[in-house]
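**Q** Supplied in structure tokens, the structure appears directly below.
The values are calculated or read from the model by the stated rules, or taken from the named source; none is laboratory data. On a predicted model such as this, the values are computed, not experimentally measured, just so you know. For neighbour counting, all protein chains shown are included, and Cβ atoms are generated from backbone atoms with ideal geometry for every residue, glycine included.
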Amino acid sequence: MTISGRISQSVFDGSRLRVILLLDLYEGAQQQFLDAYELMRNQVASVPGHLSDQLCQSIENPSQWLITSEWESAPPFLAWVNSEEHVETVRPMHSCVRDTRSMRYSILREMTPNAPLTPKSPKEGMQVAARVGDGVARHALTFTVKPGSESKVAELLAGYTSPEAQVDDTTRLRRTSLFMHGNRVVRAVEVEGDLLAALRHVARQPEVRAVEEAINPYLEQDRDLSDPDSARVFFTRAALPAVHHVVAGGKAPAGLRRHALYYPAKEGRGMELARLLAHQDEDAADDPASPVYGSTVFQRDDIVVRLVDLTSELDADPMSSLGLKGPGKAAELERLLDGAAIGVEGSLETERNLNRLLSHADMMPVTDRSSARS
């Protein structure tokens, strides 16, 4: 099926968030898990934006557990789940959990005994309307390598053999785009179907494991992929979630140019910067004159990466390419951006600094691979 309408997904719609965590425990680890859960529950209760949580055990299989939580909106949850505090909070659970699966949903409708909700009267804090998707999940990983090793790492990452695209009957790898900015690596993936199944499929491939082992000596953060706990912590810290995605309506034009732009935020301003770019790209999707056909904003802490598909060269319209179209937007980005970290200081309302930012933010493409359907 071909979807030609406008595609949009976002964590910035203000709706409440339902998080579902499915867990499969090792036999005999139930009490250890309950003790770890109590510690986690006491800590998360004080996290801003957290509303409630429930712990449930399967009535069919006692090894299967479910944790559900509700949040005021997605941004405070993402800020917590991507924090070092969260990494340390859940660490005691690792030894008693065989497998986990996390799902996040905006609340669209709910029924209460005294106030039945109709589709035409969504409550405050609910997603206003159903979004139109394209059946694709997007995710990215980011990590840094030791200074001086950038060219060797780029060579290794560009030279791997692509894994089999078809994961199972419903899941397929669609595209992998890999970029570098200095010693920072960003790998973005697009998956039709089950993202987690696809990531596990890729991790098991011998050619991928060989490349991962080859770049291990160059990583700034040590990891041991043969140690499940070490691998879990590394990939948790490397996760760069997609917080916004939008594609203009209509058939994709030929010759789209894909770029990744890096926006280091001032301390504590990463989510706000990502929100600014998301709102700008929403407006661009409704502007037929905009060269931005589609974009995905990834954010974790103060790292913001914007993946854009353009109908023209990157420097043909710097304001649109940077996501700054409109009065006051350059000044707003200047307030949020760590200009010193990217080598661009001073007003972004000057043409010179705007062009410098575009040049300095543009990440070096390493590889961009799409899988054709057989």
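**Q** If I filter segment 60-81 for residues that are surrounded by fewer than 16 Cβ atoms within 10 Å (Cβ to Cβ), more than 28 Å from D301 (Cβ to Cβ) and of a type in the set (D, E), do I get at least one hit?
**A** yes
**Q** For the structure I just gave you, tell me whether F33 is under 30 Å from P253 (Cβ atoms) and either in contact with a helix residue (DSSP H, G or I) (Cβ under 6 Å, 6 or more places away or on another chain) or at pLDDT 95 or above (or both).
**A** no
**Q** Out of the residues in segment 142-159 that are part of a loop (DSSP other than H, G, I, E, B) and without any contact (Cβ under 8 Å) to a residue 60 or more places away in the chain, which is farthest from Y218 (Cα to Cα)?
**A** Going through segment 142-159, the residues part of a loop (DSSP other than H, G, I, E, B) turn out to be 146-149, 159.
In the following step, the residues that additionally are without any contact (Cβ under 8 Å) to a residue 60 or more places away in the chain were identified as 147-148, 159.
Numbers: P147: 9, G148: 9, G159: 16 Å.
Result: G159.
**Q** Still on this structure, please answer the following. Sort out which residues of segment 65-113 are part of a loop (DSSP other than H, G, I, E, B) and either among the aromatic types (F, W, Y) or free of Cβ contacts under 8 Å to residues at least 12 places away in the same chain (or both), and write them in order of number. Steps first, answer last, please.
**A** Restricting attention to segment 65-113, the residues satisfying the condition of being part of a loop (DSSP other than H, G, I, E, B) are 72-73, 82-83, 107-113.
Scanning segment 65-113 gives M111, T112, P113.
**Q** What residue, among those in segment 34-59 that are small (G, A, S) and over 24 Å from D99 (Cβ atoms), is surrounded by the fewest Cβ atoms within 10 Å (Cβ to Cβ)?
**A** It comes out as S46.
**Q** Still on this structure, I have one more. Among the residues of segment 332-358, count how many are surrounded by 13 or more Cβ atoms within 10 Å (Cβ to Cβ), over 18 Å from G270 (Cβ atoms) and in contact (Cβ under 8 Å) with a residue 12 or more places away in the chain.
**A** Number satisfying all stated conditions: 5.
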